[in-house]
Amino acid sequence: MSSSPPEAGALPAVTSAAVAQAPLWQAAPLTLVLLGFFVFPLLATAVVSFWDYTEYALIPDFTFRNYHEMFQGCADFSAGGCTTLRTYLSTFRLCVMVWAITLVLGVAVAYFLAFCVRSDMLRMTLFLLCTAPFLTSNIIRMVSWVPLLGREGAINRGLMQIGLVAEPLEWLLFSEFAVVLAFVHLYTLFVTVPVFNSMLRIDPRLLEAARDAGAGFWRTLWHVVLPLAKPGMVIGSIFVIVLVMGDFVTVGVMGGQQIASVGKIIQVQMSYLQFPAAAAQAMVLLGLVLLLIIALTRIVDIRREL
């Protein structure tokens, strides 16, 4: 008894179908992770933002109460606008200051590592030293500024001993200055790394050609280095904006609970179990951050960098 041979072409058809489905199976684990830990939580937050609530319970409903209360009085500019508008302006001001400082510092450090250090071994050693602070938590690095900036801290004592000030400076700690300083300390590396990666891809012969053409340091930096490093600058800017806009720990600790921020409002609302109101704030914040990211990605195609 002999079995009939398989049809010609059947095996290639099965093989081609399996090959076509292979990328889908490879992407399935990451897709499930994104759905479970990113998409579904966002959808749940959006749904809860339309719920009602009392002091004791959440009421599944569809109401615009949370959004209405959030923007109530914002059209009355004679009274300075609503609390939400002032809070967003305060957060955006902090974000712009931190972004500008971290961008300048990140570009300077990345330029030094990429073009001023000749040895690859020394370059990577210095780069690893830049990442050394990340071996400790953000809280420890942030709180480490308190003994330096406090009223009886090292900086005030040093300034008084050399006679520059007669009494301790009050604005060094628990102020907007302290918040910006802590943010710069925490997030400068998020700009340095992508900018450094972009600058490493720049052909050094372009800089030599610019110098041979008579361009000085600043013209070479402005017309050659920065345009080619723009994808890294945009990626670093996105990191800083996202982190600063949603931060509430740094603002609370370094600002002495005196600096208003959107993240702080969300944290306070959640501590009072006002989850629908906090969800509405989170959705508005998410929408604003997405608009900023879209605006930045229109400047340059960052897909070349990824």
Failed item, numbered, when residue 291 is tested on (1) buried (at least 16 other Cβ atoms within 10 Å of the Cβ); (2) within 29 Å of residue 181 (Cβ to Cβ): (1)
Meets criteria (over 22 Å from residue 252 (Cα atoms) and either touching a residue at least 12 places away in the same chain (Cβ under 8 Å) or assigned to a helix (DSSP H, G or I) (or both)) for residue 163: no
Residue within the range 45-58 that is assigned to a helix (DSSP H, G or I) and within 23 Å of the chain's Cα centre (by Cα) present: yes
Set 267, 257: member being surrounded by fewer than 19 Cβ atoms within 10 Å (Cβ to Cβ) and not in a helix (DSSP H, G or I): 257
Tally of residues being modelled with pLDDT under 90 and aromatic (Phe, Trp, Tyr) across the range 163-209: 2
Pairs, first of a type in the set (S, T, N, Q) in the range 97-124, second assigned to a helix (DSSP H, G or I) and at pLDDT 90 or above, C-beta under 8 Å, six or more apart: 102/183; 102/184; 102/187; 102/188; 102/190; 102/191; 102/236; 102/240
Within the range 126-168, tally of residues that are farther than 16 Å from residue 188 by Cα and among the basic types (Lys, Arg): 2
Residues being among the aliphatic types (A, V, I, L, M) and either touching a Leu at 6+ places or on another chain (Cβ under 8 Å) or in contact (Cβ under 8 Å) with a residue 40 or more places away in the chain (or both) - total across the range 125-138: 1
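Quick grid of which residues meet (1) under 30 Å from residue 262 (Cα atoms); (2) of a type in the set (Val, Ile, Thr):
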residue	(1), (2)
104	yes, yes
128	no, no
138	yes, no
144	yes, no
174	yes, no
Boolean, residue 110 is of a type in the set (Gly, Ala, Ser) and modelled with pLDDT of 90 or more: yes
Index of the failed condition, residue 86 passing every other in (1) within 22 Å of the chain's Cα centre (by Cα); (2) buried (at least 17 other Cβ atoms within 10 Å of the Cβ): (2)
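The values are calculated or read from the model by the stated rules, or taken from the named source; none is laboratory data. What you see is a predicted model; the values in this text were computed from it and never measured. Cβ atoms come from the backbone with ideal geometry, glycine included; neighbour counts cover every protein chain shown.
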